[in-house]
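The values are calculated or read from the model by the stated rules, or taken from the named source; none is laboratory data. Computed from a predicted structure; not experimentally measured. Note that each Cβ is placed from the backbone with ideal geometry, even for glycine, and that neighbours are counted across all protein chains shown. Ligands, DNA and RNA are excluded from the accessible area calculation, which covers all protein heavy atoms including side chains. Shrake-Rupley method; radii C 1.70, N 1.55, O 1.52, S 1.80 Å.
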Amino acid sequence: MRLLIYGAGVIGSLYAALFAKAGYNTSIYARGNRLETLRTKGLLYLEKGKVQRADVSILSKLQDDDKYDFIFLTVRENQLHQALDELKTNQSKCIVTMVNSIDDYRKWEKICGEGRILPAFPGAGGSIKEDVLDGALTPWLIQPTTFAEISGEKTERSKQLSGIFREAGIPYQEVEDMHIWQLCHLAMVVPIADAYYEAVHPEKVGREYRVMAKTAKRLKRNFYFLKRECGRLSPGKMNLFLGVPLPVLTVVLSLVFESAFGNKFMYQHAIKAPDEMRQLHKQFYAYVKKRL
């Protein structure tokens, strides 16, 4: 089975390394400085404190007749349409869009072709330091890699995708409605990113009670809205935001923001991708305003 990772940032590099380690024929498509680094040094990553090199092919161009069983699109939301436009003439049949967005999936299919999109979202985080990936998967209980067909049906290719994740040791879940799941995800991550941008000291925001209290209120407000709008939250554990008293949620958030988990999976992305997160902020609250 041939796999292509389109995008060589933290997420793309981590999934490429995991797929390659599992024995899959894996290629990674990169550009700019990251491309030159990968060409010179290869895809380097930390594993148990040691630097390893992934057995992947590095691509600078993607030919139309270069077919893959799955293309994993691991770019930022503001790069998505350009990437889909580039892929529209490629003959690969399935594009797994591992992108943070509440866009209409039909809009994506109008760009790259009907039936090619399989929406997903990664469960991972980390950073690239001195050309070495220091990334990790999030635990299954917190956020597994999540995906679903647009129709919500289980298909042969969704079964194949499950098998790929299972063989690569990647925690995953297939949900009923990926759009609702992504709405709920943004309802959570947008206030979290805003907390960093509003803090006096972003790296220590968990100690700023005013910001934590405001974040807790925003989370509750967002999930109350989505529960009313969609009829349910996905995954179901998001209902905890509704049931936990505001003072307790504020304290819990402070602890999470101060933790190693918060640093790896929340702080690093928010600080490195402010343009993307601010755009997602606008999209999410525009969605809310339109439906109020």
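Could you tell me which of 246, 184, 224 has its Cα farthest along the dipole of segment 181-292 towards the positive end, charges placed at Cβ (Lys, Arg +1; Asp, Glu -1), taken about the Cα centre?
Of the listed residues, the answer is 224.
At what distance in nm do the modelled label points of residue 244 and residue 198 sit from each other, each positioned 7 Å from its Cα along Cα→Cβ?
According to this spin-label approximation, the distance is 1.7 nm.
Starting from the alpha-carbon convex hull of segment 26-116, give the projected area averaged over all orientations, in nm².
Computed as one quarter of the Cα hull surface, the answer is 6.9 nm².
I need the Kirkwood Rh of segment 172-292: take the reciprocal of the average 1/r across all distinct C-alpha pairs and report it in angstrom.
Hydrodynamic radius (Kirkwood, Cα pairs) of segment 172-292 is 14.8 Å.
For segment 1-73, give the magnitude of the charge dipole about the Cα centre (Cβ charges: +1 Lys/Arg, -1 Asp/Glu; no others), in debye to the nearest 20.
Charge dipole of segment 1-73: 340 debye, to the nearest 20.
Of the heavy-atom accessible surface of the chain (probe 1.4 angstrom), what whole percent is carbon and sulfur?
For the chain, the apolar C and S fraction of the accessible surface comes to 52 percent.
Quick check: the distance between the Cα centres of segment 28-43 and segment 237-258, to the nearest angstrom?
Comparing the Cα centres of segment 28-43 and segment 237-258, I get a distance of 40 Å.
For 150, 164, give me the order by solvent-accessible area with a 1.4 Å probe, most accessible first, ignoring ligands, DNA and RNA.
150, 164
Considering the values [x] 22.4; [y] 19.8; [z] 21.0, which represents Kirkwood radius over Cα pairs in Å as calculated for the structure under consideration?
Correct label, based on the coordinates given: [y].
Return one number: the angle in degrees, 0 to 90 and rounded to the nearest 10, between the long axis of the Cα atoms of helix 10-21 and the longest principal axis of the Cα atoms of the chain.
That helix lies at roughly 50 degrees to the long axis.
Which residue fluctuates most in the GNM of the chain (Cα springs below 10 Å): 115, 152, 236?
236
Using Cα pairs closer than 8 Å and at least 6 residues apart in sequence, work out the relative contact order for the chain, in percent.
For the chain, the relative contact order is 14 percent.
Calculate the dipole size of segment 1-131 relative to its Cα centre from +1 charges on Lys and Arg beta carbons and -1 charges on Asp and Glu beta carbons; express the result in debye to the nearest 20.
320
For residue 31 and residue 282, compute 0.36 nm times the residue count separating them, minus their Cα-Cα distance, and round to one decimal in nm.
Length gained, residue 31 through residue 282: 87.6 nm.
Between residue 130 and residue 85, 0.36 nm times their residue separation minus their Cα-Cα distance comes to what?
Computed gain between residue 130 and residue 85 is 13.0 nm.
What accessible area per residue comes out for the chain, rounded to a whole number of Å², with a 1.4 Å probe?
Each residue of the chain exposes 48 Å² on average to a 1.4 Å probe.
If Lys and Arg each add +1 and Asp and Glu each add -1, what is the summed charge of the other residues whose beta carbon sits under 9 Å from the beta carbon of residue 234?
-1
Between residue 259 and residue 217, what FRET efficiency follows from the Cβ-Cβ distance if R0 is 22 Å, with the result rounded to 0.05?
0.55
Around residue 263, what is the net charge, scoring Lys/Arg as +1 and Asp/Glu as -1 over all other residues with Cβ under 15 Å from its Cβ?
Residues near residue 263 contribute +2 overall.
Mean 1/r over all different Cα pairs, inverted: what Kirkwood radius does segment 88-189 give, in Å?
Result for segment 88-189 stands at 14.7 Å.
Per 10 Å bin from zero, what fraction in whole % of the C-alpha pairs of segment 4-65 is there, up to the bin with the longest pair?
24, 57, 17, 1
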